[in-house]
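Some notes on the structure that comes next.
None of the figures in this text is laboratory data; all of them are computed from the coordinates on show. Because the structure is predicted, anything quoted here is derived from the model rather than measured. Neighbour counts are summed over all protein chains in view; Cβ atoms, including those assigned to glycine, are modelled from backbone coordinates with ideal geometry.
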Amino acid sequence: MSTPLFDLTLTEEQRITRESMRRLARDTLSSQARAADDAVAADPALLDAISGFGLALMPMPEALGGVGMPRSPLSNALAVEDLAQGDMSHTLAALQPMAAVNALMDFGDEQQQERWLPALAAENFAGAAVALNEPRATFEPGAPATIANKAGDSYTLNGVKSLVPMAAQCQWFVVTAALDGDVAAFVVPADAEGLSIEPEPYMGLRSANMASLTLENVLVPAREKLPNFDLNRMLDLSRIGQCALAVGCCQALMEYSIPYVKERKAFGEPIAWRQSVAFMVANMGIEIEGMRLMMLRAASRAEQGLDFHREAYLAQLQCMEKAMEIGTNGIQLFGGAGFVRDYPLEMWYRNLRGIAVLHGSLMV
């Protein structure tokens, strides 16, 4: 009998892993985020450091070089939140292989897993990503403009995908396309004839090396069509990942703001003594806790095999709205200093703007 309750008690392994990830986020990611944002490129050492936690390896069978652990959306969501406190952009970039592996474990068959997963069975960063977004203001994941047509024992794919993190370093992609009135997914190698990758300059998430994929009559063998593809499951698990990114970044923003408002003086006293400032910081804490609990509720239900579509959708709506509110208020608390690049507030604000458009980008 299903129950609406959910248990957030961490296992010993989750607790230890969180301590290590928070240490990396605090000591390394946060201090190097600005340089990577300025360079519009992810730091390879940071990608390797995040990959070293083995999140992509956990669900892989041991025979393919993985750990063979059961899929754990909750553990993955906790990891995304912790790492995003250091840098949301590097976290999104480094965890693309995890998302691609999860997609193949959930929707692929054993032969597909044997063909594609061993290349990602490494402690260093090895790229693969999900390509679901499209560059249209009216984009709807359930009605993609990318089309797949049957061609003998293969399919031809035509269309454009956007907002694909680390695309230039990926070995293969999971590409969604319309097929016979439904949405299907295919594994497409990065060197497929007719596939081109074009870097795109975006407002935020700059070190995630976002790019667009153009598919022009890309021929994909029928065996590379994912037989168990479930678009709603992919979207819902990705919504949890998006929410975890938002919670982590917002937590970092709040923790950075509190010492500032206590030390910054105006009219002879710390600005934190002003009710308008104190209430703004308090509301940040309230909203972050609400975002976190909604995200964890959805992740916990997914972990238990319960229906979590409603919970994931509501968590996404909450995080999209409140993340932008928190990002805006962070800049407001710093006044003119929030507008300049000497502080990370404007970078966090730009990154948080991406939460609303990262459809399918981080399947936990």
- Message: 5 Å is the cut-off here: which amide hydrogens, built 1.01 Å from N in the peptide plane, fall below it relative to ALA128, excluding neighbours closer than 5 in sequence?
- Response: GLN171
- Message: Report the Cα centroid-to-centroid distance between the stretch 67-129 and the stretch 141-183 in angstrom, as an integer.
- Response: 20
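Within the chain, what's the longest stretch lacking GluC sites (Glu not before Pro) that sit in DSSP loops with no more than 16 other Cβ atoms inside 10 Å? Please report the intermediate quantities before stating the final value.
Values: sites that count: GLU123, GLU193.
Result for the longest clean stretch: 194-364.
Could you size up the charge dipole of the stretch 12-125 around its Cα centre, putting +1 on the beta carbon of Lys and Arg and -1 on that of Asp and Glu, and report it in debye to the nearest 20? The partial results should precede the final answer.
Values: 8 positive and 17 negative charges, 43 e Å.
The calculated dipole for the stretch 12-125 is roughly 200 debye.
Rounding to the nearest 20 debye, state how big the charge dipole of the stretch 231-357 is about its Cα centre with +1 on each Lys and Arg Cβ and -1 on each Asp and Glu Cβ. The partial results should precede the final answer.
Working: 14 positive and 13 negative charges, 22 e Å.
The calculation lands at about 100 debye.
Does the stretch 114-190 come out rounded, prolate or oblate by the C-alpha gyration tensor, with a ≥ b ≥ c the root eigenvalues, rounded set by a/c under 1.5 and, if not, prolate when a/b is larger than b/c and oblate if not?
Oblate, because a/c is 1.5 or more while a/b does not exceed b/c.
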- Once amide H atoms are built 1.01 Å from N in the peptide plane, which residues 5 or more positions from THR146, or in another chain, come under 5 Å H to H? VAL160, ALA178
- The alpha-carbon center of the stretch 236-307 and that of the stretch 31-49 are separated, in whole Å, by 24
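Going by the alpha-carbon gyration tensor, a ≥ b ≥ c the square roots of its eigenvalues, is the stretch 209-364 rounded (a/c under 1.5) or, if a/c is not under 1.5, prolate (a/b greater than b/c) versus oblate? Could the numbers behind the result be given before it?
Working: a/c = 4.25, a/b = 1.95, b/c = 2.18.
Oblate is the answer for the stretch 209-364, as a/c is 1.5 or above yet b/c matches or exceeds a/b.
Which chymotrypsin sites (Phe, Trp or Tyr not before Pro) from the stretch 261-364 combine a DSSP loop assignment with at most 15 other Cβ atoms within 10 Å?
Working: sites: PHE267, TRP273, PHE279, PHE308, TYR313, PHE334, PHE339, TRP348, TYR349; in loops: PHE267, PHE308.
Here the sparse-neighbourhood loop sites are PHE267.
Add -39500 (n - 2.57) for each DSSP H run of 4 or more in the chain, then divide by its residues: what number comes out at 222 nm, to the nearest 500 deg cm²/dmol?
Values: 11 runs with 166 residues, N = 364.
So the calculated ellipticity at 222 nm is -15000 deg cm²/dmol.
For the chain, rounded, prolate or oblate, judged on the Cα gyration tensor with a ≥ b ≥ c (square roots of eigenvalues), a/c < 1.5 rounded, else prolate if a/b > b/c? Before the final figure, lay out each step's value.
Values: a/c = 1.86, a/b = 1.63, b/c = 1.14.
Verdict is prolate for the chain.
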- Note on the structure: Per-residue Cβ contact counts at 10 Å, fewest first, order THR214, THR176, THR17 as THR214, THR17, THR176
